[in-house]
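The values are calculated or read from the model by the stated rules, or taken from the named source; none is laboratory data. What you are looking at is a predicted structure, and each value in this text was computed from that prediction instead of being measured. Don't worry about glycine lacking a Cβ; one is built from the backbone with ideal geometry, like all the others, and counts go over all protein chains shown. We work out accessible area using only protein heavy atoms, side chains counted, and drop any ligands, DNA or RNA first. Shrake-Rupley method; radii C 1.70, N 1.55, O 1.52, S 1.80 Å.
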Amino acid sequence: MTWSLRLLMAVVIIAAMVYGAALTLALTGSLGSTTAIIVLVVGAVLLPIALFILRRRFWSPLNALGSGIRQVAAGDLTTQVSVDREDELGNIAAHFNQMTHVLRAEEQGRFAAAGELLGGVAHEVNNPLMAIASHAELRLADANLPAEQRNEMQSILRQAQRAAKLLRGLLRFVRAGEKRSATVNMNDVVRSAIDLVSYRFSIDEISIEGRLDPELPTVVGDANRLEQVIVNLLSNALDALRSVTPPRRLIVDSFTDDTGGRVCVTVTDNGPGVAPEIVPRLFHPFASTKGVRGTGLGLYISRQLVREAEGELDLVKHAESGARFLVWLPSARVPVPTAPAAAPQAASAAPPAPSAGTLSGIRILLVDDEELVRRPMARFLAKRGAEIKEAADGLAALERLAEGFEPQVILADLRMPRMDGSEFYQHLQEQRPELAERLLFLSGDITHLAGRGLAEVPRDRVLVKPVELAEVERRIVAFVREKAA
């Protein structure tokens, strides 16, 4: 125990003893003596001072700790208490702050680890997806392709695009990263979230219903984080519906409240509902309705994300006939264009490619280690009139440049063996900066652009795999025109 606390305790004990002595003198009738009067005055002065100091040094810090503990129990892991002194209570407060920091770090670390894992998977999955899509698109560019085969190729292309869209949504979900607030249409957020879990509808025999208000005002928030919230609510509803017999219904609605000042999204299911004993602690950390299958952090994290956007997430129905969760956010009061109320349909086939000769005379160096991606892309661009040289990685690309080939556009993958796209870009910046300005990049994971090199590539020059060949052509044409301007 520190000397200051020992001294404080000694002062309190002495003050109590003096005051007790004064009271004893008063009760025995000796109060009229000079000594008794002095003792009484000293006791009357010391005891209130000691109690004031005791309140300030003990009661206030203990009350602050108690309040902090209650906030953590209610689900707020951002709680911190002030550390005013380096004594025992100050050390307890510091340990409390460290504990909440560790809990937040654990929560964030799970998302970061998932993001790193999925980022690597994304590259490996997007490459074969692009190979499939590129071969399908190359066949579709053949005007003599029979109608039956054209339909088959369009179906293949649509499914590849759908898989790519889901993968990009998963990357956004686990790599929300730094908060980026902007004007957001919650209908778009809901549609993206539904896309991410849509594969479960047919598997679990679940019908998706509801209405998205086409006149819904915008809100201010981070679209990726709000998407995390809706995905979590949808996933919880889908898990609950698995325990009931069909028909299984999932209802998602968006609307404004009666005042028009709040934008609302509800997720309703006809599952078993939430047990009454769980309801009071449903949004607390580690409170789970899924037993050993759940972490108990989903709803807690979701509520914190909604509160960051100055809104609220709550359970508004928990009967045996199902559960309904309500997310509301303050309206930004900015009108948005009328949008269709239905959920988005599957991606359509690629738009018609520009006519042959669009790339006539343009020299392109194509750098990608995946031959099944590189070869159909090279054939497509060559048919459009481009002069193509190919390289399997950054070192091979440097060899092509050393041979005297002067490309107007370099299209390079970011993840490659030996020398990846980031290292290649850094090398050109140092040795041939004029060529570094001619680089366009391909990546299966736009959220992780640095690679092994020190130079982070410009995000606006990245084409996300799988990218349509017609889109590659359009970007190249626009890029060449921009550099010529």
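Listing for the model above:
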read-out: Phi to ³J(HN,Hα) by Karplus 6.51 cos²θ - 1.76 cosθ + 1.60 over the stretch 267-276, Hz, x for Gly, Pro; value: 10, 10, 9, 9, x, x, x, 10, 4, x
read-out: Residues with amide H under 5 Å from that of Ile362, placed H, sequence gap 5 or more; value: Glu387
read-out: Glu310 paired with Phe201, simple spin-label distance in nm, labels 7 Å along Cα-to-beta-carbon; value: 3.4
read-out: Solvent-accessible area of Leu372 with every protein chain in place, 1.4 Å probe, in Å² to the nearest 10; value: 120
read-out: Residue-count net charge about Glu371 - beta-carbon cut-off 13 Å; Lys, Arg +1, Asp, Glu -1; value: -3
read-out: Apportionment of accessible area to carbon and sulfur, the stretch 359-407, percent (1.4 Å); value: 44
read-out: Modelled FRET efficiency - R0 22 Å, Glu399 with Ser360, Cβ distances, 0.05 increments; value: 0.25
read-out: Estimated vicinal HN-Hα couplings, Hz - the stretch 312-322 in sequence order (Karplus 6.51, -1.76, 1.60; Gly, Pro = x); value: 8, 10, 8, 8, 10, 7, 9, 6, 5, 7, x
read-out: Estimated vicinal HN-Hα couplings, Hz - the stretch 242-253 in sequence order (Karplus 6.51, -1.76, 1.60; Gly, Pro = x); value: 5, 8, 10, 7, x, x, 10, 10, 10, 10, 10, 10
read-out: Solvent-accessible area per residue, Å², over the stretch 189-256 with all protein chains present [probe radius 1.4 Å]; value: 39
read-out: For Val263, distant residues with modelled amide H under 5 Å away; value: Leu329, Ser331
